Amino acid sequence: MTTPETASPAAFGDAQSIANDVSSGTRTAASVVANHLDRIATHDGEVHAFNVVTAERAMDAAESIDQRIAAGEDVGPLAGVPVAVKDNMCTRGVATTCSSKILEGWEPPYTATVVERLTNAGAIVVGKTNLDEFAMGSSTENSAFGPTHNPWDLDKVPGGSSGGSAAAVAAGFAPVSLGSDTGGSIRQPASLCGVVGVKPTYGAVSRYGLIAFGSSLDQIGPFTTTVADSATMFEVMGGHDPLDSTSANQPALAVSSKLDAGVDGLRVGIITEMAGDVIEGIDADVIARLRAAATALEAGGATVGEVSIPSSVYGLPAYYMVAPAEASSNLARFDGVRYGLRVDGANTALMNTASRTGGFGPEVKRRIMLGTYALSAGYRDAFYGKAQQIRTKIIEEFTAAYEHFDVLLSPASPSTAFALGDKAADPMAMYLNDVCTIPSNLSGQPSMSVPFGVGDDGMPIGVQILAPLMGDVVMFQVAAELERVANATNEAGA
Ligand code: GLN
């Protein structure tokens, strides 16, 4: 397969090399940002990774960074690094839409902690990226502003819901970006776009300023082209935030501390249900890459076994009760009064209804109805309550597995990128994309996708690494090993 011009991860270097160059004066932040803005101007018409490109603000920020560096200041580990931000994170003075009509014209009065921390470390926001409306979806086709295209094949989806952020990195529009992951929305698009995507432990990274979808599941994390860049992003963003009551009261995890440690002596468990015929619909080429990853870790000195998480097969139905239930409550605030769109009605109730009817797209409405039903009197125990029981079972089974294994391994997505339009009309087919990623949202445990070769169609495949709560360091350690093997294989094949 020939690589289209739209795919060029790290077109102007990865974050580490940009930060090194900019801090040492080899390149200016202004030139780095200008390069990326040019690339966006040339190719985003085809990819549509961005809802808005903040070119002027980015150039102003770059110039101020260059001045500080000229004055001898240390501007931080992300000096001059362009970052694309998923458009469900608040940015003061820049519209935040969640790719929904209902937020039309709304500008947040404050900025998400993650964005503050990245810019305080020298990063420069170049724009807000497209997503499935309110992060509900797996293909970025549920956006009110039209779909994002996969930079490796423009006829295919980038995955979702953070498809714009994954595509932005794969296209070389920014070396790093931010996504949010409620059921897989960082890891699945990372897999489909051939980039690294991390869902940190629940509570390890602040969610202040992330527009809530499923509050007990949502996490923010990075997309990057290298494991080391994800580690830097994580360390810059992580650590306690008094503005987020679910933020863990501890410093950022030192996820870059063991990137060079190798995997000798580590115990790796392949999740049985996701490696064969228990969960149906996982493609053979995806399983082959999972097995190859396990073999590579074994060659590095790890012991590899299989472990069953029996309740993981119920993860999908449990998630599709819990997430919509929480969404139905979180999205109640969009009422035509406090934010964005208002459609007039004869009285307040009719105005509320008209605004919500006109503002939300079909998938969001489906989730609100499903969630409201799951929580309604008489049904709550049968649906929401049962889902919570499954959630507890999954947590118990993971905890037992981690008595014998340091990390677990599974596919990130059951298939490579599928064609635009293929699953858009079939919600069940779309939901099945999350079958491997959902369990660690339900458990709160960290997980990430690392590119590990390609499928039969030549499209990228990611392997998912899972670790126990606050076990993000060992997860990164294993990811770095897989990256080394993947790079060595690519070079050998090139
Ligand atoms: N695809 C899943 C959903 O539609 C997960 C979305 C997400 O992680 N935000 O709910």
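The values are calculated or read from the model by the stated rules, or taken from the named source; none is laboratory data. All figures in this text were calculated on a predicted structure; none of them were measured in a lab. Backbone-built Cβ (ideal geometry, glycine too); neighbour counts: all protein chains shown. In case anyone asks, the SASA skips ligands and DNA or RNA and just uses the protein heavy atoms, side chains included. Shrake-Rupley method; radii C 1.70, N 1.55, O 1.52, S 1.80 Å.
Descriptive notes on the structure:
- Of all accessible heavy-atom area on the stretch 307-396, the percent that carbon and sulfur account for (1.4 Å): 59
- Cβ crowding within 10 Å averaged over residues, with 127-134, 64-71, 223-230, 325-332 ranked highest first: 127-134, 223-230, 325-332, 64-71
- Cα pair count fraction exceeding 19 Å, expressed as % - the stretch 167-268: 46
- Working note: Karplus 6.51/-1.76/1.60 with θ = phi - 60° gives the stretch 230-244 the couplings 4, 5, 4, 4, 4, 5, 5, 7, x, x, 4, 10, x, 7, 10 Hz, where Gly and Pro are set to x.
- Accessible area of residue 406 in the full protein assembly, 1.4 Å probe (Å², nearest 10): 40
- In the chain, taking the dipole from charged Cβ atoms about the Cα centre, the farthest positive-side position among 62, 142, 200 is held by 142.
- Options 384, 371, 358, ranked by Cα towards positive dipole end of the stretch 308-395, top entry (Cβ charges): 384
- Stokes-Einstein diffusion for the stretch 206-331, with the hydrodynamic radius set to the Kirkwood value over Cα pairs and evaluated at 20 °C in a medium of 1.002 mPa s, equals 120 µm²/s.
- The stretch 137-176 and the stretch 343-373: distance between their alpha carbon centers, rounded to Å: 27
- Around the Cα centre of the stretch 90-148, unit charges on the Cβ atoms of Lys, Arg, Asp and Glu (plus for the first two, minus for the last two) sum to a dipole of about 200 debye.
- As a size descriptor, the averaged projected area of the C-alpha convex hull of the chain was calculated at 22.0 nm².
- Rounded if a/c under 1.5, otherwise prolate or oblate - the stretch 94-136, Cα gyration tensor axes: prolate
- Rounded to the nearest 20 debye, the dipole size of the stretch 206-329 about its Cα centre is 180 debye, using +1 on the Cβ of Lys and Arg and -1 on the Cβ of Asp and Glu.
- Protection proxy ranking, peptides 308-315, 420-427, average beta carbon neighbours within 10 Å, highest first: 308-315, 420-427
- Seen from a random direction on average, the alpha-carbon convex hull of the stretch 48-128 projects onto 5.3 square nanometres.
- The residue list 286, 348, 410 was ranked by how far each Cα lies along the charge dipole of the chain toward its positive end, using unit charges on Cβ atoms, and 348 comes out on top.
- If you take the Cα centroid of the stretch 38-108 and the Cα centroid of the stretch 383-419, the two points sit 35 Å apart.
- Each part gets one Cα centre, and for the stretch 191-214 versus the stretch 268-342 those centres are 14 Å apart.
- Where only DSSP H runs of four or more residues are counted, the chain gives -12000 deg cm²/dmol as its mean residue ellipticity at 222 nm, each run worth -39500 (n - 2.57).
- As a ratio to 2.2 N^0.38 Å, the alpha-carbon radius of gyration computed for the stretch 313-431 takes the value 1.39.
- Burial ranking of peptide ranges 191-204, 376-389, 246-259 (average Cβ count within 10 Å, highest at the top): 191-204, 246-259, 376-389
- Gain on full extension, evaluated as 0.36 nm per residue between residue 104 and residue 261 minus their Cα-Cα distance, stands at 51.7 nm.
- With Cα atoms as the point set, the stretch 266-314 shows a radius of gyration and Dmax of 11.4, 34 Å.
- Evaluated with a Cβ-only charge set (Lys, Arg +1; Asp, Glu -1), the chain carries a dipole of roughly 1260 debye about its Cα centre, given to the nearest 20.
- Each Cα pair of the stretch 146-209 feeds into the Kirkwood radius, which the Stokes-Einstein equation turns, at 25 °C and 0.890 mPa s, into a diffusion coefficient of 208 µm²/s.
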